[in-house]
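Notes to accompany the following structure.
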């Protein structure tokens, strides 16, 4: 090498050393953790965030005020026996939301309570209708005569009612029927739409109260629930007042704040690429802190966006003051979604260079001899390297490539400095552009009431315009000249291997050039996404320059938010053992899927029987069985309330809570049930313990000191509220019971000491152990019901994996179809409308990718829960199922990269490259789709795979590439067709389009690695059927059919 090259290398070494210092500082910073960092992230983030602290303070005030309302005698007498329900409601639906979102949540709760009340009232009316009036009259007269001389006849009469003297068999049966039907309805609402959980739980509670107390009375008592509704209404009023007065926040403000936070995470992901490109080989290991940081940052961005779109549906249903309307804020979502989806490409590059296959190419540093073992084609890789499925053909090709890369100094470590310098301006301009967007959004959001808000906004908009101009210039410069720097290290190599097609020389090792193009294409795609968002924000900011009051748009948005599902919410479907396909897949499959057992019904009898058949099939689904069990356990625990010998015990010991707990602890699957038991029982025990501690600290041995109790609750309710507001979703069942038990202990102890309540047992310990026992009885009842027979969550995990693999297969087929399709090349005579272009399909593909990603996120949580079923029949291979989910996530990222690259590729170029692109070889596409199908079917049925199917798809890719020759031909007719002739992409290696072509090819390679891993994991889970002698014969065959020297890894 010449002297100039040494100078360049020295400059690169200086830059690398500087970045290495930054990387060392980053990793060292991870080791120096503060006190808060010792806690889980959700705890430390809550303490650090001013907004979180304000939210907590508001929720804590609401809970404490609800308790204080019980302290004055006049207030507690007005609220009645369920006065604690106000405090309980503050735990279930804290005042943590913007006003209209809280209003809808509390309204949903009240609607459920009203519906349960309505069903209970109907049961009461029907029960009175079937009651034997003569028997009721005689019993009443006898009771009146018995208590006539008593000093307190009303109290005696009430006590006798609760002893069940008016119970009637027909009436009880009628109430039981309504309880079963109502319980089944609320169970179905909970199973099929988890967003209606609060609706279902509180609707069931009011129904339980009506059907438990109603049979006792020989006359109508429709107002039994007055106390419940009064207490709930008081909390709703308190919460609304606090949301308005204490750190008020609109949905508009909250979503803009979330947008800014997401953009901040994306900016960090862009900035960290400097460290990735400057990292040393040990720092690029798949388990290194740097690679983990990149992966976790991307996962965090995706999770934050999923949460954002779940809440933004309500933004147009509020009054807000500011420059931007709710519609303006909501219109940012497509641009943010574009950025979020494009960040997957940044993660894919880090994963790609950290993959064992990529790192296996690295050989000793330049100048060191290459050991014979490195080039020995007979040496197959060590399984410990993660390359256990490497075939002889692949090993031969990769060995050639590895040797050639070292000889020409074009290894990954050699070209990384070039990638870093060539893309520096685009990366820096993109980061600055995101910063300017954040500044504008922050100004719009936080200067709503400021007098200098307009001046600040104008300054931020001007900075945004400058950043936009700078990014456009940087992007244009890269497209014109800077991208050519990526080819500079390969110029001599390309000149020396010009004759490789004729077999005169070996194929050029272009693997690292393809990788360079992948990163460059990713940055171009991301930069264009940033440009789109900058244009959108700038246009809106120029249009909205004055603050004003914005009114709600339409209440139709509320209906859409509650009862429609999009691709991002498919995880909310019942995670059933039967297939739960994507709705789009269901529609697409309807035209070609057939019933193998019968043809479509043709007459009335067949149609009726077909309906019955569908009902029968539905009745066996996990969701339907859950509803049946829910109704059955409700009846089983409720029956003691209507038996004369046990009625008094049931009511005096508050057996209603055993009924409520039996219903609320029911789950569809055994794993969910056991996991929730652990959480709920732990929450109940801790809640009872803290409630007992609170009572005796505030009251000592007395029956209630209002000042002491108020102070004790103010302090000791802090962990209750904190857990409810900030605990992750998977811990919420425990947080609910932690708070609910605490409220029951403290609330019932105070009520028993200050107002007349039937079944008054005292306070403190006397209340605590009884509430704990009733909870345990309810849990035991639901556990027994769940075990008759249990529905395995582990089987559901396996089947859901099969479904998600099928979904990924459909996404792959859609992208491949768009890749190979050309209307002029493949005209369809019977097609009424022309095929959409690839660009037209991008929004739909993006939604599908986001939908499958959300399914995988839910599947990851379900896999973690499945381990709670225990290991009664043997150890459940949780790690293997986790690897399945991780591998599918990686494949989805690769498909996202593929779609993004093809969207940038010119239509004519894409078509002209087809015949020289191995990844769209028809036989290879068939192999890939077949692999998807067989792996999914093996997981779905549990049947083993054939050993002959244990092949590396990359081997099939090169096999088809070697065995199929291509001749140049015109693939289009008509005027000007000469420009669309068949073109070898390698001849176009310096073109702008080739950069995206290379990204598409590498994305397919990455996806194939994932599909190979899925095949290996499935073989370990389901087993393999051996074919004696096959492995030896395949190896012997491969060794006798060595590929020609002009065949390379990438070309």
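For the reader, a short list of remarks on this structure follows.
- When restricted to residues that are under 22 Å from residue 172 (Cβ atoms) and not in a helix (DSSP H, G or I), region 618-647 contains 1.
- Boolean, residue 923 is surrounded by fewer than 17 Cβ atoms within 10 Å (Cβ to Cβ), out of contact with any strand residue (DSSP E or B) (no Cβ under 8 Å at 6 or more places or on another chain) and within 22 Å of residue 810 (Cβ to Cβ): yes
- Test: residue 210 is farther than 29 Å from residue 70 by Cβ and part of a helix (DSSP H, G or I): no
- So residue 687, is it farther than 30 Å from residue 792 by Cβ, surrounded by 18 or more Cβ atoms within 10 Å (Cβ to Cβ) and touching a residue at least 40 places away in the same chain (Cβ under 8 Å): yes
- Restricting the first member to region 425-453 and to residues that are assigned by TED's automatic domain parsing to the domain that holds residue 272, and the second to residues that are surrounded by 21 or more Cβ atoms within 10 Å (Cβ to Cβ) and outside any helix (DSSP H, G or I), the beta-carbon pairs closer than 6 Å and six or more apart or on different chains are 444/323; 444/324; 448/322.
- Residue in region 550-557 that is assigned to a helix (DSSP H, G or I), modelled with pLDDT under 90, under 35 Å from the mean Cα position of the chain (by Cα) and surrounded by fewer than 19 Cβ atoms within 10 Å (Cβ to Cβ) present: yes
- Look at (1) surrounded by fewer than 21 Cβ atoms within 10 Å (Cβ to Cβ); (2) closer than 21 Å to residue 323 by Cβ and you find that residue 409 fails only one, number (2).
- The number of residues in region 530-547 that are modelled with pLDDT under 85 and either outside the structural domain of residue 337 (by TED's automatic domain parsing) or surrounded by 17 or more Cβ atoms within 10 Å (Cβ to Cβ) (or both) comes to 1.
- Of the residues examined, residue 695 is one that is more than 28 Å from the chain's Cα centre (by Cα) and closer than 21 Å to residue 72 by Cβ.
- Checking residue 97 against (1) outside any helix (DSSP H, G or I); (2) modelled with pLDDT under 85, the condition it does not meet: (2)
- Qualifying residue in region 80-90 (condition: assigned to a helix (DSSP H, G or I), out of contact with any helix residue (DSSP H, G or I) (no Cβ under 7 Å at 6 or more places or on another chain) and either crowded, with 17+ Cβ neighbours inside 10 Å or not assigned by TED's automatic domain parsing to the domain that holds residue 642 (or both)): no
- Residue in region 721-738 that is in a helix (DSSP H, G or I) and exposed (fewer than 15 other Cβ atoms within 10 Å of the Cβ) present: yes
Listed here are the residues, each with its yes/no results for (1) in a loop (DSSP other than H, G, I, E, B); (2) under 30 Å from residue 683 (Cα atoms); (3) modelled with pLDDT under 85; (4) touching a helix residue (DSSP H, G or I) at 6+ places or on another chain (Cβ under 8 Å).
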| site | (1), (2), (3), (4) |
| --- | --- |
| 17 | no, no, yes, no |
| 20 | no, no, yes, yes |
| 26 | no, no, yes, yes |
| 57 | no, yes, no, no |
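- Test for residue 169: is it under 52 Å from the mean Cα position of the chain (by Cα), surrounded by fewer than 16 Cβ atoms within 10 Å (Cβ to Cβ) and farther than 28 Å from residue 313 by Cβ: yes
- Residue 30 meets all of the listed conditions (1) at pLDDT 55 or above; (2) loosely packed, with under 14 Cβ neighbours inside 10 Å; (3) over 30 Å from residue 251 (Cα atoms) but one, namely (1).
- Every residue from region 609-623 that is within 25 Å of residue 185 (Cβ to Cβ) and either exposed (fewer than 12 other Cβ atoms within 10 Å of the Cβ) or free of Cβ contacts under 8 Å to residues at least 60 places away in the same chain (or both): 611, 612, 613, 614, 615, 616, 617, 618, 619, 620, 621
- The single residue among 131, 142, 125, 137 that is closer than 30 Å to residue 636 by Cβ and loosely packed, with under 15 Cβ neighbours inside 10 Å turns out to be 125.
Yes or no, residue by residue, for (1) in contact (Cβ under 8 Å) with a residue 24 or more places away in the chain; (2) touching a helix residue (DSSP H, G or I) at 6+ places or on another chain (Cβ under 8 Å):
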residue: 131; (1), (2): yes, yes
residue: 134; (1), (2): no, no
residue: 139; (1), (2): yes, no
residue: 158; (1), (2): yes, no
residue: 180; (1), (2): yes, yes
residue: 184; (1), (2): yes, yes
residue: 189; (1), (2): no, yes
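The values are calculated or read from the model by the stated rules, or taken from the named source; none is laboratory data. Predicted model, so just to flag it, every value in this text is computed and none were measured. FYI the Cβ positions are ideal-geometry reconstructions off the backbone, even for glycines, and counts take in every protein chain you see.
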